[in-house]
Amino acid sequence: MRLRFEVTALGSAGGPRRGILEIDRGEQGSTRVETPSFLKYTRHGMQPHLVPEVAAHMDEQPAATHVQLEDFLDEQAIEKRKFTELRKLAGIDQADIVMLDVLDPTITMRTGKSGEKFMGVDSEGGLRRLTPAAFAQAVNALGPDVAVAPADYVHEAQPSLTHGKRIAKSVARST
């Protein structure tokens with residue numbers, strides 16, 4: 001697989017730049033997406049409030065789909081799952097770019113705390129400890145087009161932003 005991004009126009013005064021993201025999957029073909037572009041959000045691989053039958057009648061569909069790993073951490077053998085099966089199950093077009101993130105970006109209040117050697121992930125089956133090795137194994141098994149590196153999402157009340165230990169530890173782990 002080969003990923004390429006070409007800038008076609010720079011935004012003025014800090015505005016968004018435009019470009020073309022191309023992912024070449026070899027025998028499976030390639031996908032080109034003009035940016036900025038809409039990224040389809042999913043829960044458990046399905047886009048909320050939009051069933052595939054309705055989506056089929058829409059003129060334009062987003063060419064990228066966001067899937068979060070935390071939705072699938074309850075599976076006993078995640079390394080045995082094939083991402084193409086997930087694409088079929090969720091009705092994700094084979095030409096879509098699939099982006100795998102660890103956490104759901106819409107959930108800001110999290111109970112799972114990360115440690116020095118793992119990331120605490122709230123899943124439907126309870127708190128899971130995701131190590132870098134387990135994340136790499138999941139990415140290799142699921143085969144997304146783009147994988148977002150694990151990050152400790154810290155949502156703290158405004159007053160604690162200046163002296164929060166959790167934020168300081170998160171930054172230290174990230175560098």
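The values are calculated or read from the model by the stated rules, or taken from the named source; none is laboratory data. Keep in mind it's a predicted model, so treat the numbers as computed, not measured. Counting neighbours? That spans all protein chains shown, and the Cβs are built from the backbone with ideal geometry, glycine included. The area values use the complete protein model at the heavy-atom level, side chains included, leaving out ligands, DNA and RNA. Shrake-Rupley method; radii C 1.70, N 1.55, O 1.52, S 1.80 Å.
Given the condition of a type in the set (D, E, K, R), modelled with pLDDT of 70 or more and open to solvent by 70 Å² or more (accessible area, probe 1.4 Å), answer yes or no: does some residue in region 71-90 qualify? Checked region 71-90: no residue is of a type in the set (D, E, K, R), modelled with pLDDT of 70 or more and open to solvent by 70 Å² or more (accessible area, probe 1.4 Å). The set of residues in region 101-156 being over 14 Å from the mean Cα position of the chain (by Cα), open to solvent by 40 Å² or more (accessible area, probe 1.4 Å) and polar (S, T, N, Q) consists of Thr108, Thr111, Thr131, Gln137, Asn140.
Rundown of residues vs (1) under 17 Å from Pro144 (Cβ atoms); (2) modelled with pLDDT of 80 or more; (3) surrounded by 14 or more Cβ atoms within 10 Å (Cβ to Cβ), yes/no style:
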residue: Arg2; (1), (2), (3): yes, yes, no
residue: Arg18; (1), (2), (3): no, yes, yes
residue: Ser30; (1), (2), (3): yes, yes, no
residue: Lys40; (1), (2), (3): yes, yes, yes
residue: His49; (1), (2), (3): no, no, no
residue: His57; (1), (2), (3): no, no, no
residue: His66; (1), (2), (3): yes, yes, yes
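Contact map, region 31-56: residues that are farther than 28 Å from Arg4 by Cα paired with residues that are assigned to a loop (DSSP other than H, G, I, E, B) and not hydroxyl-bearing (Ser, Thr, Tyr), Cβ distance under 6 Å, separation 6+ or inter-chain. Pairs shown: Pro52/Gly91.
Within region 123-133, is there a residue that is at pLDDT 75 or above, of a type outside the set (Lys, Arg) and under 26 Å from Glu53 (Cα atoms)? No, region 123-133 contains no residue that is at pLDDT 75 or above, of a type outside the set (Lys, Arg) and under 26 Å from Glu53 (Cα atoms). When region 157-167 is filtered for residues that are surrounded by 11 or more Cβ atoms within 10 Å (Cβ to Cβ) and either modelled with pLDDT of 80 or more or not in a loop (DSSP other than H, G, I, E, B) (or both), the ones remaining, listed by number, are Ser160, Arg166, Ile167. Note on region 1-55: enclosed strands (runs of 3 or more DSSP E) holding 1 or more residues that are farther than 16 Å from Ala95 by Cα and hydroxyl-bearing (Ser, Thr, Tyr) are 2-9, 30-35, 39-41.
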